[in-house]
Amino acid sequence: HTETSFGVAFLDLDHFKEVNDVHGHNAGDLLLQQAVERIKNRIRASDTAARLGGDEFILLLVDMPVQEMAARLTSILRDLSQVFTILDKPVHVSGSAGLAVFPTDGTDFDTLLKHADMAMYQAKAAGRNTIQLFNTEMATALRSKYQLESVLRSAIDSKEFSVVYQPQVDLKDGRLVGMEALLRLNSKELGVIGPDQFIPVAEDTGLIYSIGEWVLEQVGMQLAKWCALGIQDFTVAVNLSAKQFWNQNFVDKIRDLVLRHGLPAHMLELELTERIAMGDAERAIGKMQALRELGVRLSIDDFGTGYSSLAYLRWMPVNVLKIDKSFVNDIGSDPDDEIICRSIINLGLGLGLTVLAEGVETKEQANFLREAGCHLAQGYLYSRPVPPLEAQLWLRPAEIA
């Protein structure tokens with residue numbers, strides 16, 4: 001006889017925000033209504049399902065063995081991953097679920113809910129469309145996520161963020177042509193935290209909007225200072241997140257930034273990853289054209305990592321194609337990556353774009369790239385990312401020497 005128990009499940013639709021972004025909120029609402037129907041069909045009258053907000057649901061499953069709870073959740077996820085028809089269009093989402101069981105995972109509702117939520121995050125991290133049962137190691141891994149979230153919430157006000165600049169140089173003569181602005185987080189509580197750790201949490205929690213705006217504002221102020229010193233013949237590239245780019249006021253925000261700081265617009269370069277640019281390429285192109293009309297430059301980052309349709313690239317109003325450092329790393333040791341680098345360079349040249357290689361660390365890599373026709377490079381061979389005052393030495397070497 002298997003013990004029956006009481007379980008709390010936390011269920012979240014994967015990629016739901018993209019449905020809103022791409023198809024509009026009306027479609028999102030219709031999708032939620034259909035999702036609710038599918039969830040209700042899989043639970044008994046004695047169980048409870050409630051929508052917590054947005055695309056999050058809580059299920060209370062009573063008097064059943066844990067295996068059966070897991071089986072029911074699995075069948076709900078299977079139902080949710082079947083195609084939805086919304087406004088005559090096929091729409092795909094999936095679900096991630098976490099389960100916490102009384103009394104092993106908690107003896108009060110709040111604890112069970114928190115643990116089910118943690119397990120749901122693990123399910124997302126494990127690749128989505130899956131269910132995870134809560135366990136104690138999870139609590140440690142996720143305590144750090146919650147900790148990180150609270151650090152991020154206060155990081156702007158507590159001045160724990162800073163922007164550093166990594167020089168971009170011309171491969172032919174080593175002359176500085178631009179810089180990439182990079183965000184750093186040095187938390188009083190947790191020490192230095194890498195962007196690969198905090199950016200996903202910022203995107204998950206929506207904090208990426210305010211952080212992204214803060215970065216643009218810092219770069220705007222810094223560019224204005226450099227312009228006032230008479231240095232204007234270079235660009236500063238800023239990475240954008242998908243949420244920022246798709247925000248409907250984004251073009252207005254950039255226009256406002258340029259006007260407020262009196263910047264020559266061509267000094268500002270906005271960097272989109274290949275996934276953002278190709279996700280809904282036609283809409284992206286319209287937005288990119290609006291940005292180009294302001295005079296700012298655009299670049300595609302991580303190129304070659306997203307298997308995207310190259311056809312769209314011909315229509316994209318971009319200036320710069322950036323070769324991802326994962327390909328540059330293996331120049332000299334992996335002929336396949338050398339071939340990829342060469343083809344990205346040739347593609348860029350064919351489209352009349354400037355090609356920049358990231359993560360250049362050795363002379364051998366720099367020589368290979370130069371000979372293959374790559375224009376620009378950034379990486380530790382030239383300089384690590386440095387604070388603004390150190391970056392300024394790159395901009396005015398003659399007067400300081």
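Sort Lys89, Lys188, Lys322 by heavy-atom solvent-accessible area, probe 1.4 angstrom, most to least.
Ranking Lys89, Lys188, Lys322 by accessible area, largest first, yields Lys188, Lys89, Lys322.
Using a Förster distance of 35 Å, how high is the FRET efficiency between His92 and Val192, based on the Cβ-Cβ distance and rounded to 0.05? Don't skip to the end; give the middle numbers.
On the way: r = 39 Å, r/R0 = 1.10.
The calculated FRET efficiency here is 0.35.
Could you give the length gained by full extension between Gln34 and Asn135, i.e. 0.36 nm per residue of separation minus their alpha carbon distance, to one decimal place? It would help to have the intermediate numbers written out before the result.
Working: separation 101, 0.36 × 101 = 36.36 nm, distance 3.16 nm.
Full extension of this stretch gives 33.2 nm more.
Kirkwood Rh over alpha-carbon pairs of region 195-279, then Stokes-Einstein at 4 °C and 1.567 mPa s: what D in µm² s⁻¹, rounded to an integer?
On the way: Rh = 13.7 Å.
Translational D for this selection: 94 µm²/s.
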Within the accessible area of the chain (1.4 Å probe), percent carbon and sulfur: 52
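Need one number for the chain: average projected area of the convex hull over its C-alpha atoms, nm².
On the way: hull surface 93.1 nm².
If I average the Cα hull's projected area over directions, I get 23.3 nm².
Relative contact order, percent, of region 231-337 when contacts are C-alpha pairs under 8 Å separated by at least 6 residues? Numbers along the way, then the final one.
Details: 131 pairs, mean separation 26.0, N = 107.
Value for region 231-337: 24 percent.
Count charges around Ala45 for me, please; just the other residues with Cβ under 15 Å from its Cβ, Lys/Arg as +1, Asp/Glu as -1.
+2
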Please work out, to two decimal places, the log10 of the ratio I(q)/I(0) at q = 0.16, 0.20 Å⁻¹ from a Debye calculation in which every Cα of region 308-398 carries one identical scatterer. -0.70, -0.95
Long-range amide H contacts for Glu361: which residues qualify at under 5 Å (H placed 1.01 Å from N, peptide plane, sequence gap of 5 or more or a different chain)? Leu381
For region 147-258: accessible area per residue (Å², 1.4 Å): 44
Report the far tail of the P(r) of region 75-158, meaning the percent of Cα-Cα pairs longer than 14 Å. 69
Accessible solvent surface per residue of region 1-135, calculated while the other protein chains remain in place, 1.4 angstrom probe, Å²: 49
Partners for Lys188 among aspartates and glutamates (Cα-Cα distance below 13 Å; same-chain residues under 8 apart left out): Asp157, Glu160
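Can you give the percent of C-alpha pairs in region 146-253 whose distance is more than 18 Å?
Details: 3150 of 5778 pairs.
That fraction is 55 percent.
The values are calculated or read from the model by the stated rules, or taken from the named source; none is laboratory data. All values derive from a computational prediction rather than experimental measurement. Cβ sites come from the backbone with ideal geometry, for glycine too, and all protein chains shown count toward neighbours. The area values use the complete protein model at the heavy-atom level, side chains included, leaving out ligands, DNA and RNA. Shrake-Rupley method; radii C 1.70, N 1.55, O 1.52, S 1.80 Å.
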